[in-house]
Structure formats: C-alpha cells, structure tokens
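Only one structure is covered here, and it is reproduced in the block below.
Any read-out appearing in this document is the output of simple, stated calculations on the displayed coordinates, not a laboratory observation. All figures in this text were calculated on a predicted structure; none of them were measured in a lab. Cβ placement follows ideal geometry from the backbone for every residue including glycine, while neighbour counts extend to all protein chains displayed.
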Amino acid sequence: MMSFENVRWEEIWEATKDTLYMMAASLLFTIIFGLMIGIVLFLTSRRQLLQQPMVYGILSVIVNVLRSVPFVILMIMIMPITKWITGTSLGVEGSIPPLVVAATPFFARLVETSLREVDRGVIEAAQAMGASKWDVVRRVLLSEARPGLMAAVTITAVTLVSYTAMSGVIGGGGLGDLALRYGYQRFQTDVMLVTVVLLIVLVQLLQMAGDALVRRYSRK
Amino acid sequence: MDDRGHTHLIELHNITKSYQVGAVSVEAVRDISLTVKRGEIFGIIGHSGAGKSTLLRCVNLLERPTSGSVKVGEVELTKLSQRQLQAQRRKIGMIFQHFNLLSMSTVRDNIAFPLKLAGLTGTAVRDRVDELLKLVQLEQHADKYPAQLSGGQKQRVGIARALAGNPDVLLCDEATSALDPQTTNSILSLLLDINAKLGITILLITHEMQVIRSICDRVAVIDKGEIVELGDVLHVFLKPEHPVTRDFVDQVSDTSAASVLLEKRQGRLLRVTYVGELTYEPILYNAVKQTPVQFVILQGTVSRMKQTPYGQLIVELLGEDLEIDNVVAALRKEGLEVDTL
C-alpha cells in the first residue's frame, strides 16, 4: 500500500497551475503564429492562390528544421533568444518561448493540411462571386476548415502538455519539473505517480473537449 | 436594335487557352469566337475533354485565356485589373455541377455570401435572402446545412446565390449533370423561369442533348477545342451536319437505324420534318388520300423543343413515281420539309 507521505498537495496544486498557465499561454501564441505560417504555406504551395515555389520552399525547410530538433535541445539552443524576450531563461516564463518555437511549426503543418482539405470548387465559386484572395482566406478557407483546425488545436495542446513536462529539465516549473525533481532525483515515487496521473487526466480532458468541439462544428 | 452593345451581351473573340503539360503545350480551346445575345439561353454541348468547361471559365476569367478578348456587357474583362474584375464578376452569376456550397454555412448564409462580399449588411441582406429563398422555393430550409439537402435543393441554393447580386448573366457549368432526370427537369424549368421573368441571359455547358432541347434557343457544338456547329437549336437538331452533332442528336432521337431502313426500302424513303402548329395537323393523310399512293411510317419522333412542338418522320411512299412527286409537292406546299433519303 502506497502512503503518499512525500506528496505536498499545495506544491502539486501550484505546479498544476503552472502547467496550465504554460500550456495556455504557449498555445495562444502557437495558434496565432502557426495559423499565419500555415496559411502562407498553403497559399504559396503549388496550384494555390499565391503559388510561390521559392517562398514555399524556404518556409517549408525552416518548418522542417525546427520540427527535426528534439525539444530538449531546442530549449537550450534558443536560450539567448528566450532571455531577450522574457528577461529570463528559467521558470514558467522562460519556458514559454521554446514551447511556442517548438509547437508553431508543428501546428502550421496541421493548418496547411486542414486547408488542403477544403473543396477547390468552393474556392472557385467564391472567386466567381468576386471574392478577393483575402476574402477567400477569411470567409471560405478558415470557415470551411473549422473542424480540421479545431482538431489541429487539440493535437497541439496535447503535444504542448508533454513538452511542458520536458521543460522541467531546465527548471521550467510545472508538473514535469515536480516529477523530475522529487520523483526522479529523490526517488519519491509517490510524487511522480501523482504528477503522471494529473498529466494523464489533463490530456484526457483536452482531447475530450477538442473532440466535442469538432463534433459540434462538423456539418458533413 | 442596331446597337451591337445592346443585342450582344457576351462577346468572345479568338479565345485560345493552352496548357503546358510537361514539355508540350496542349490547346484546350482553339481560336473560338462566340457571341451570346441579351436574353437568350445559349448552350454549349460537347463530350468531356472537348474544352467546354475551359471555355465557360474564360467568360468570367476563372481561366485566363492565353490569347483573345472577353467582353461582357460594355466591359472588356480581359483588360481589367484584378480589383476591377472582382467587381465585374458580381454581375456574372455562376452555378456548378457539384454545387460548391459552403458546407459549414447554412442555406441562408450561403445565399448571403455574395451580398456580404458586396458590402451589404443587416436587414438589407436578410430581406434579399428572403426574396431569393422564395424564388427558389426553399423558405422552409433556410437554416439547414447543405449536407441536409437533396441534390436538387442544393442546386436551388446555388441558383439563389448566383442570382443574389442581380446579375445580367448566369453561367451554368453542367448544372444538372449530377442530378436525376426528374430533378433535372425541375431545375431546367426553374432556369427557364428565371430567363423569362428576370430576363437573365443564360450560358450553359452540358453533355446532355436533353438539356439543350428543353431550354436553349441557340447551341454551339464543341469538339477538340473548336466549335464545329452553331445555330438555332431547332435547326441544328433537325439538320445536324457534323458527326459529333449527330452523335448528340442521336442521344434523344433514335434515328440510328436509318441505314437499315435504306437497305430494306421498296418505294421512296422520305424524311418529313414539321415544326410548330403543323405538328398537330393531319397533313400526311390529306396529301395521300386523293391518290393511289400508300404510305408506311417507319420511324418517328414527335416532341417539343423548348416551347416549340416538332416532329420528324421517316416515311416510305409506295406507288407510281409521278404520283409520289405530287404527294411530295403537296407536303412541301403545306410547309413541311421533305428530304429524299
């Protein structure tokens, strides 16, 4: 029988709040930047509205490079930039920039893929009605791709949860940090277990909420 | 009406559209010139791959022709900037084979789409949408999503959306090809109605002769990127000249057995064509009843083209040559067209 003697619930609660904060803040910026990059990727790709092979090629390589670097390495690599933006490369604030840098290219690809799913005929119909390219993006692409985009946000949120856990390595704070410091470094298995269960619950809740939204907005 | 600008609504001059496929350039449309008169329903018929879809898309420049000019109304579209072109496209409605509705928007929002693009808001949009819903008889379905509608209903939404900006022209891209025959007829009669009541000129493309026969005034037959025959539907239908045209006419009037009849003939084989009120007169009987000539009807069609009744019979006349000549003369005198086969 496990006793949970090492578990200080107050600290767990603080760490949970940190994790939620890191995730929410980095998700927000990831959506903003990722949506922009994803739209540009889509529009500049072959046979699309702005077809620009050069722009697409360069952007695509940058996205791929960022996606290839393991998160732990990326976090350390961009420390100077992090410090420049947030004033610190430690703690909750210090982990948000690397989280955004890591998740944005991932989310951008998901956005590009969901936009590709939009029926070309609908875009053509909008153009025939006198829609500008901007109208097509705003009134057709983003609206038609809504379920796909919501699924993309869900997947990204879940990915961010696991990234926040990794940011414990650089003292990022949150549940992952707690699991690492107490569970791994001090062999307090009970603390590790509690944090892992909490992370599982968080991921479950996110996925369920995301699925419910996708279902709510599916019209096909 | 000597002012060309008023009688001709669409003018295509020397339109060529070529695509680069690998190292070779393929011409989908080759030097086509065409004019559509204000108020008419003009059909372009061709097999798939003949270039009709490309030609239609050249009218609102969804496809920019490689060379040639496009004029709709008073405006030469091929000379406009992108922004000016967007404004002009609002005067050109278009409907599609697969409807191309916004799947995430309700019927009401789909119809409102072009109005909002044009900058309208609030009650102005709502009132116009209500009017259009009534026109296409979809009042009860305003808040449904396209996935909840039948094919015919979806096309009605497409039509309402295309008419929202009070266009001068409606372009129809195989608008009935995805529909069953009954629904096709209801959509065609809606198009006829729109043409008659709102005076909107319609340019349609199809591969179904039935569509041409039911609603078009004039038809162009397109094959391998070129127009091979063009004229009044009635004329093209009754006297098809190009082999491709004959293929299409055979779709609806089964005259393919004519060669068999020729081999079996005993007397003189005639093709008798009549149009309009003559269709209902007993002319053939009257012409032979005073003579010893007998007749056999070997094949025949009596039908309607748009509002005009017409018929075409293949008749064998048996008797003396001289007597037969008299009968033929009598038929011609009554206004029938008679050809010896």
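Ellipsoid semi-axes for the protein assembly as shown, based on the Cα gyration tensor and the rule √(5λ), read 70, 24, 21 Å when sorted largest first.
The angle separating the long axis of helix A:91-116 from the principal Cα axis of greatest extent in chain A is about 30 degrees. So how far apart, in nm, are the two label points at B:K134 and B:V228 if each is 7 Å from Cα heading toward Cβ? About 4.8 nm, to one decimal. The eigenvalues of the Cα gyration tensor, multiplied by 5 and square-rooted, give the range B:175-222 an equivalent ellipsoid with semi-axes of 16, 15, 8 Å from largest to smallest.
Helical content of the protein assembly as shown, expressed as a calculated mean residue ellipticity at 222 nm, amounts to -16000 deg cm²/dmol (DSSP H runs of 4 or more residues, -39,500 (n - 2.57) each, divided by residue number, nearest 500).
Remark: mean inter-chain Cβ contacts per residue of A:129-136 equal 6, using a 10 Å Cβ-Cβ cutoff to other protein chain atoms. Rounded to a whole number of µm²/s, how large is the Stokes-Einstein D of the range B:128-174 at 20 °C and 1.002 mPa s, given Rh as the Kirkwood radius over C-alpha pairs? Translational D for this selection: 192 µm²/s.
Annotation: peptides B:125-133, A:151-159, ranked by per-residue average of other Cβ atoms within 10 Å with the highest first, follow the order A:151-159, B:125-133.
Applying 1/(1 + (r/R0)^6) with R0 = 45 Å to the Cβ-Cβ distance of B:K289 and B:R30 gives a FRET efficiency near 0.25. Please identify the longest segment of chain A free of exposed chymotrypsin sites (Phe, Trp or Tyr not before Pro), where exposed means a DSSP state other than H, G, I, E or B and no more than 15 other Cβ atoms within 10 Å. My reading of the result: A:5-186 is the longest stretch.
Rounded to whole Å, give me the distance from the Cα center of the range B:6-47 to that of the range B:96-126. About 29 Å separates the Cα centre of the range B:6-47 from the one of the range B:96-126.
Loop-located chymotrypsin sites (Phe, Trp or Tyr not before Pro) in the range B:1-107 (DSSP state not H, G, I, E or B) with no more than 16 neighbouring Cβ atoms inside 10 Å do not occur. With a Förster radius of 35 Å, plug the Cβ-Cβ distance of A:R47 and B:N166 into 1/(1 + (r/R0)^6) and report the FRET value to the nearest 0.05. About 0.60, to the nearest 0.05. The modelled label-to-label distance for the pair B:S189/A:D119, using points 7 Å beyond Cα in the direction of Cβ, is 2.7 nm. Sparsely packed loop sites in the range B:34-117 (the trypsin sites (Lys or Arg not before Pro) outside DSSP H, G, I, E and B with at most 16 other Cβ atoms within 10 Å) comprise B:K91.
The modelled label-to-label distance between A:I85 and B:R265, using points 7 Å beyond Cα along the C-beta direction, is 8.8 nm.
In terms of its Cα atoms, the range B:95-184 spans 38, 28, 22 Å along the principal axes, sorted from long to short. For chain A, excluding the exposed loop sites themselves (GluC sites (Glu not before Pro), DSSP loop, at most 16 other Cβ atoms within 10 Å), the longest remaining stretch covers A:6-116.
In the calculated pair-distance distribution of the range B:258-340, the portion above 22 angstrom amounts to 22 percent of the Cα-Cα pairs. For chain B, the C-alpha radius of gyration sits at 1.18 times the compact-globule guess of 2.2 N^0.38 Å, with N the residue count.
Each distinct pair of alpha carbons in chain A adds a 1/r term; the inverse of their mean, the Kirkwood radius, is 19.0 Å. Counted over the protein assembly as shown, the DSSP beta bridges are approximately 70% antiparallel. Taken as Cα centroids, the range A:68-132 and the range B:132-152 sit 39 Å apart, rounded to the nearest whole angstrom.
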